[in-house]
Amino acid sequence: METLEIHKSEHVFAIELKDITIGYGDKPVLRDINFSVPIGSCWSVIGPSGVGKTTLFKLITGLLSPMDGKITILGLDFISSTNRKKLRGKIGYIPQNLGLVANLNVKANILCGALGRTPLIPSLLGLHSPSDLENAEIIMKLLKIDHLKNKKIYTLSGGEKRRVAIARALLHRPQILVADELLSELDAVTATIAMEQIKRMQFEFGTTVILIEHNVEAALKYSDQVVVLSDDGMVGAFSSDKIPSVDFIKEIMTAE
Amino acid sequence: MILNKSYQSIRLPKMSFFSLFVILSFLTFWSLFNLNYLRFFSRISIAGTLELISNYFFPPNFDPKVRKSIEFALLETLQIALIGTYFGIFCSLPLSILSANSLTPKFVHIPFRFILSAIRTVPSLIWALLFVITFGLGPHSGILAITVYTTGFLGKLQYETFEGLPSDSIQALKALGAGKIQIVRYVVLPESGNSLISQIIFMFEYNVRASSIIGFVGAGGIGFLLQLYIAYFHFSAMLTALIYLLVVVVIIDFLGSKLRASFQDPSYDVLNI
């Protein structure tokens, strides 16, 4: 990850949001959002359903432009379309609907994670580098989906699909990984294994991880810092080890 | 939806189904009277046709020589349809990818759509006529005509399929750093594969019928034979040729629909429970 090293020396923040207002059409969903996520850290965005968590996810992944304010990703102004193109492949994401290719099998879906670094002609012939193939096998074993590798996605259960999407993101090794409701539909054991692997990627490659969650316990357990959203907007960013209890977060989330 | 964006600008004024029906009926009957069409339904012409059929068409001529030439022409028709469909697939696929608004920017897909619709505007019979004039009589002109028409027709079906694909997997692969050609290879083709195969089978069925017509302008196949039988008043042989054609078209349509059904997406039932 040479590119990451260059970026690291230039700036400290992976994501910087300044006075951001986002919404659909001319109707704002979130106003005055301000926070900066340092490179290599793991942050969570939590809040009750309908406060705009997925809207924020769309903003960070470039699927939605802000109505107002400034967003900088890896030191580049993310509103400019040239910079968005430059950053393509560096921001990995796991959307709520996972974005898997239903008619490809599990292994092919996971290997799609390596497309950004595979030369065009071999990738069109379905060829991948030995290291990517080996890594894909290891990740599949860790997430316990190796027995499903030749199965088409549409034959899998919700939890299995989620594991495939996580495996694809792990093989991708992006500089920033944004996951929307990653831990829902996963049993506690699989969630722990998945998060362990994501954490390993965070430490080995300096990946910045953003978890968009409504499960407060999981968010506090895995992240360094939590951004709390309520119906009135952003409440604040809290260091997860300084939060007295889960109830404290639940209270400020629902406070009028 | 991105899909409907281009159609949203063309909007008819809101009207009830009944008023639409009245307007349509009025226009139809006005055209019918305007064309003095009712005279074709006169008793004399119907009786004349029936007399012609009973006197000259029956019994069909199953002479071995006639059968042999019909079988040869019919095989040629099927070959024209097959070759035309085959080459049409290869010509239509790149054009349809370039015409899909979900895959290419406006300045690319608008001109390519125009090319496809321009090809479709000209019927296969006229394409055949143009190629007969340019390259001479024979099945080669028929093959060219069917290839060109298939390109226009299949191209439209394909780009509409591509545009109908859910955008989430395309977006996800973009985020993974995949390029446009990789997205076509890993999302567009696998996700629309079954529809593409169904369309190709449908196109072949359509082309078998089209190939039997284009012979009328000298582009080979059974149409050419039918035209000769009419010109030389061999109506009983023409009836035999029509019976052969009917049997072949019915068999191909039946097999085609069975084959298309087997290519339906297996997840289709699951989604519709």
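Here are the numbers for this structure:
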{"item": "Shielding by partners - mean other protein chain Cβ count within 10 Å, residues of B:185-193", "result": "4"}
{"item": "Most to least packed among A:87-93, B:218-224 [average Cβ atoms within 10 Å]", "result": "B:218-224, A:87-93"}
{"item": "Exercise: per-residue mean of other protein chain Cβ atoms within 10 Å, A:112-118", "result": "6"}
{"item": "Partner lysines for A:K149 [C-alpha distance under 16 Å; skip if fewer than 8 residues away on the same chain]", "result": "A:K107, A:K141, A:K161"}
{"item": "Partner chain coverage, peptide B:164-171 - average Cβ within 10 angstrom", "result": "4"}
{"item": "Fraction of beta bridges assigned by DSSP in the protein assembly as shown that are antiparallel (%, nearest 5)", "result": "55"}
{"item": "Highest average packing first - A:110-120, B:81-91, B:168-178, Cβ atoms within 10 Å", "result": "B:168-178, A:110-120, B:81-91"}
{"item": "Student exercise, the protein assembly as shown dipole from Lys, Arg, Asp, Glu Cβ charges, in Debye to nearest 20", "result": "1460"}
{"item": "Charged-residue dipole, Cβ positions (Lys, Arg, Asp, Glu), the stretch A:104-173 about Cα centre, Debye nearest 20", "result": "260"}
{"item": "Axial C-alpha extent at least 15 Å, average Kyte-Doolittle at least -0.5 - helices from chain B (DSSP)", "result": "B:17-34, B:64-99, B:106-121, B:124-135, B:139-164, B:189-214, B:235-262"}
{"item": "For chain A, built as a Gaussian network whose Cα springs stay under 10 Å, the top-fluctuating residue of A:D68, A:D232, A:D26", "result": "A:D26"}
{"item": "Net +/- balance of residues flanking A:N135 in space, Cβ distance below 14 Å, scoring K and R +1, D and E -1", "result": "+2"}
{"item": "Part-to-part distance (alpha-carbon centres) for the stretch B:44-101 and the stretch A:110-187, which is given in Å", "result": "50"}
{"item": "Most positive-pole-ward Cα, B:S212, A:G113, A:I79, against dipole of the protein assembly as shown from beta carbon charges", "result": "B:S212"}
{"item": "Chain B: relative contact order in percent, alpha carbon pairs under 8 Å with at least 6 residues between", "result": "25"}
{"item": "Peptide ranges A:197-204, B:150-157 listed from the most packed, as the mean C-beta count within 10 angstrom indicates", "result": "B:150-157, A:197-204"}
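Read the figures in this text as sums done on the coordinates, not as results from a lab. Note that the coordinates shown come from a computational prediction; the quantities given were computed from them, not determined experimentally. Positions of Cβ are backbone-derived with ideal geometry, glycine not excepted, and every protein chain shown enters the neighbour counts.
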